[in-house]
Each structure stands twice: as structure tokens, then as C-alpha cells.
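Everything on this sheet refers to the single structure shown next.
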Amino acid sequence: MVSQEKKFRFLEHTADAYIAAYGETLEEAFENAALATFEVMTDTDKVRPTITETLEVVGFDEKALLYNWLESLLVRFDIKENLYAIFSIKPIQRKVKGLRLRAVVKGERFDPKRHPQKVGVKAVTYHRMEISRNSNEVTVKFILDI
């Protein structure tokens, strides 16, 4: 498991949130990308795991899968007003037409009294999106339109 200090970091960007998320596996890097996304919006340490949901997303490649994963979480926030802070992705499956991600996410409904509002996230973008690997780490970089 990636050390607590190195789940993700915010990179320099003039107008949006540019993030690098890390993991020993692609799944762990995607989990940390989701955590970073919600950390842009609030203090995720204050989000309690009172709601458990199962998600499934598909993508024709890893970048599309990352985009669809984060976008599905943002849509859930917009529709249900749920914040998430725990992400558990099962092994990503390769299918004939691409990739499939299944995950269990935990969080709670947004409460302005308990969850400090940071910045609203409008969307995930493909701009400057990267997925790279070295011998023991996967890094995903992406920009959130804020």
C-alpha cells in the first residue's frame, strides 16, 4: 500500500486542480484519484462511512476508465449530494470492448455544518491526463475543472 503521505498531491496549475495520484496498482491509484477529487471539495477526514454504494463503469482504455470513474462519482455528488471518502476497487477486468471497473464506495450525505466547503468541481478533463508505471508504482495525473 502507498504510504499515507503519498496517496496524491496537488500540482501547479493556474486555474484548475491538477492532481497526481499514486498506487502500487492501477486500482489503488484510481482509489487515490477519487479521494483527491473529494479532497478538492471538502476535508475527507470528516466524511463518515454511513452510506455504501456499488458502482460499475466501463472505458475503452485506461484514460477513458479514469475519466468515467471520476465523472460517475461527481455525478453522484451532484444528484444525491453524497460525499465519499472510502473507495475499494475490485481488480479491473479487461473485456473485448475495453475495461470494466467495479467498486464499493462509502461516504455520507453532504452536511454544510460538518463538511467544510472548499472548491466546487465542475468536471473531469482529459487535458494533460497521464497514466504511467514504474517497477512498483502507478501514477495517474488529471485535471479537474473548478
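Listed values, structure above:
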{"read-out": "GNM top mover of 44, 25, 52 - the chain, alpha-carbon springs below 10 Å", "value": "52"}
{"read-out": "Highest-fluctuation residue, 131, 79, 89 considered, GNM on the chain with Cα pairs under 10 Å", "value": "79"}
{"read-out": "Relative contact order [Cα under 8 Å, 6+ residues apart], the range 16-145, whole percent", "value": "36"}
{"read-out": "Two-site label geometry, residue 94 and residue 79: point separation in nm, points 7 Å out along Cα→Cβ", "value": "3.1"}
{"read-out": "Equivalent ellipsoid semi-axes, the range 1-144, via Cα gyration tensor eigenvalues times 5, rooted, Å", "value": "22, 18, 15"}
{"read-out": "Range in the chain, longest, excluding exposed trypsin sites (Lys or Arg not before Pro) [loop by DSSP; at most 10 other beta-carbon atoms within 10 Å]", "value": "1-96"}
{"read-out": "Spin-label pair residue 110/residue 127, simplified geometry with 7 Å Cα→Cβ offset, distance in nm", "value": "2.2"}
{"read-out": "Mean-position separation - Cα centroids, the range 6-45 and the range 96-146, in angstrom", "value": "6"}
{"read-out": "Under 16 Å between alpha carbons - lysine pairs in the chain that sit 8 or more apart or on different chains", "value": "11"}
{"read-out": "Within a Gaussian network of the chain (alpha carbon springs, distance under 10 Å), most fluctuating of 16, 45, 111", "value": "45"}
{"read-out": "Folded to 0 to 90 degrees: helix 62-80 orientation relative to the chain principal axis, Cα", "value": "20"}
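No value in this document is a laboratory result; all are computed from the given coordinates. Treat the numbers as computed from the prediction; the structure is a model and nothing was measured. Here the Cβ is made from the backbone with ideal geometry for all residues, glycine too, and neighbour counts use every protein chain on show.
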